[in-house]
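Report on the following structure.
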Amino acid sequence: MASTRGFASDNYAGVNPAVMQSMVEVNHGHVSAYGDDPETAKFQGVVQDLFGPQAMGFPVFNGTGANVIALQAATKRWEAVICVDSAHIHSDEGGAPEKMAGLKLWTVPSPDGKLTVELLKTQLFDFGFVHRSQPAVVSITQTTEMGTLYTPEEIRALADVAHEHNLLLHMDGARLSNAAAALGLPFADFTTKVGVDLVSLGGTKIGALAAEAVIVMDSTSERGRELADAMPYLRKTSMQLASKMRFVSAQLNALFGDSAKLALESARVANSMAQRLYKGVLEIAAEHSEVTMPNPAQANAVFPILPADVTERVQQDYWFYVWNHQTGQVRLMCSWDTSEDDVDGLLASIRAALAAR
Ligand SMILES: Cc1ncc(COP(=O)(O)O)c(C=O)c1O
């Protein structure tokens, strides 16, 4: 029987008590609904503090919704999004971008989950050719779905190429706090300041109950104004407009207020537990050639390749997902409440499964 504590997803963790408390604290009296409330107004200040004075934030319920709204705002009916094949928008949103927003996704293969300028350029052709869905947005994920991390320089290079071709750069930041903690940089340094136009800011994985936001980095530029003007309507028609928004905004304020203190503290725990796990699996791999580690663990996820029978045995102790059934690569996610005991227990379980073969 698998332990209830597992490594399947950072969403398996509960709500951070401070986030829960923030909802209790705003749970009194009547306030205006649909975002016209003091907590949501406060969130705008939080967004500007983190992303710069021109930024605007739009709270939503979940990450898929944030991505679909952001991408919809940035594209016309005949336009398309470029992303890597492992992007959440392509592989894990049940086709929501296609179904809800009618979006065409042009994907490129990337073993480590990162888009590069070279890979991006393979999709930059046939502009003005009526038979091809026209690329309008580049979407990257920070940290990536493969546990890797973009440097600010890499993001700047992608933004420059995107902008040269009149494309916007969207960042799926479901794990933006893990990225900030891993880079040791303020959020703006690897978003606003390096040419990102739109961010889906994640709260849930780092301790919220259900709270994410779409951020428009420069709502004063002509294009940014258009994006910001579209956002309320797209959020409503995409069923992401919370009537009791004060509770969504309170969660975001608890995590990202005070220069994202709580989100960063939580991300540091998740990242450091992933480092402990990564080192432990590398030690095992040094003794067992059938265990390998194709990608570095740069944030809160570790992606080793394990023999299938070992995976099956360990899954009886700790639940996690097989990421690639062909190679046997598995995904081990650490969350804000992963403990050293959890990690050491998983490592012991892998060692035991290998010894029992
Ligand atoms: C990279 C990434 N983007 C977006 C999401 C948003 O997902 P959800 O709609 O489940 O909140 C996730 C969740 O797994 C994710 O990993």
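The values are calculated or read from the model by the stated rules, or taken from the named source; none is laboratory data. This one's a predicted model, so the numbers in the text were calculated from it and none came from an experiment. For neighbour counting, all protein chains shown are included, and Cβ atoms are generated from backbone atoms with ideal geometry for every residue, glycine included. When the accessible area is computed, the model is the full protein with side chains, heavy atoms only, and any ligands, DNA or RNA have been set aside. Shrake-Rupley method; radii C 1.70, N 1.55, O 1.52, S 1.80 Å.
Summary of computed values
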| quantity | calculated |
| --- | --- |
| Cα lying deepest toward the dipole's positive end in segment 278-357, options 294, 333, 315, charges on Cβ | 294 |
| Above-threshold pairs, the threshold being 19 Å between Cα atoms, out of 76/99; 76/193; 42/261 | 76/193 |
| Segment 48-198: relative contact order as a whole-number percent, Cα under 8 Å and 6+ apart | 24 |
| Reference-scaled alpha-carbon Rg (2.2 N^0.38 Å with N residues) for segment 94-146 | 1.25 |
| Accessible area of segment 231-357 belonging to carbon and sulfur atoms, whole % at 1.4 Å probe | 52 |
| Under the Karplus curve 6.51 cos²θ - 1.76 cosθ + 1.60, θ = phi - 60°, whole-Hz ³J(HN,Hα) for segment 132-146, x wherever Gly or Pro sits | 10, 4, 7, x, 10, 9, 10, 10, 10, 10, 10, 6, 6, 5, 9 |
| Folded to 0 to 90 degrees: helix 222-237 orientation relative to the chain principal axis, Cα | 70 |
| Karplus (6.51, -1.76, 1.60) ³J(HN,Hα), θ = phi - 60°, over segment 25-40, in Hz, Gly and Pro reported as x | 5, 9, 8, 8, x, 9, 10, 4, 9, 6, x, 8, 9, x, 5, 6 |
| Relative compactness, the chain, computed as alpha-carbon Rg over 2.2 N^0.38 Å | 1.00 |
| Max mean-square fluctuation residue, GNM over the chain, Cα-Cα springs under 10 Å, options 188, 274, 18 | 18 |
| Label zone at residue 24 (point 7 Å along Cα-to-Cβ), backbone N below 15 Å, segment 223-261 | 251 |
| Segment 102-221 - share of DSSP beta bridges that are antiparallel (%, nearest 5) | 35 |
| Residues residue 118 and residue 209, FRET efficiency given R0 of 35 Å [Cβ-Cβ distance, rounded to 0.05] | 0.30 |
| Under Karplus coefficients 6.51, -1.76 and 1.60, residue-wise ³J(HN,Hα) of segment 301-311 in Hz, glycine/proline x | 10, 10, 10, x, 9, 10, x, 4, 5, 5, 4 |
| Value at 222 nm in deg cm²/dmol, rounded to 500, when DSSP H runs of n ≥ 4 in the chain each add -39,500 (n - 2.57) | -13500 deg cm²/dmol |
| Residues with amide H under 5 Å from that of residue 82, placed H, sequence gap 5 or more | 106, 136, 137, 138, 139 |
| Mean separation of Cα contacts under 8 Å, 6 or more apart, over the residue count of segment 145-204: relative contact order % | 44 |
| Under 5 Å, built H, 5+ apart or other chain: amide partners of residue 14 | none |
| Rounded to 10°, Cα long-axis angle of helix 245-287 versus longest principal axis of the chain | 30 |
| Stokes-Einstein diffusion coefficient of segment 32-175, Kirkwood radius over Cα pairs, 20 °C, 1.002 mPa s, in µm²/s | 133 |
| Share of carbon and sulfur in the accessible heavy-atom surface of segment 1-103 [1.4 Å probe, %] | 56 |
| The chain: antiparallel DSSP beta bridges as a percent of all, rounded to 5 | 45 |
| Simple spin-label estimate for residue 279 and residue 99 in nanometres, 7 Å along Cα-Cβ | 4.4 |
| Residue 318 long-range amide H proximity, modeled H, under 5 Å | 3 |
| On Cα atoms only, tilt of 63-73 relative to the major axis of the chain in degrees | 40 |
| Quotient of Cα Rg and 2.2 N^0.38 Å for segment 1-88, N being how many residues it contains | 1.48 |
| Contact order normalised by residue count of segment 75-146, Cα under 8 Å, 6+ apart, percent | 45 |
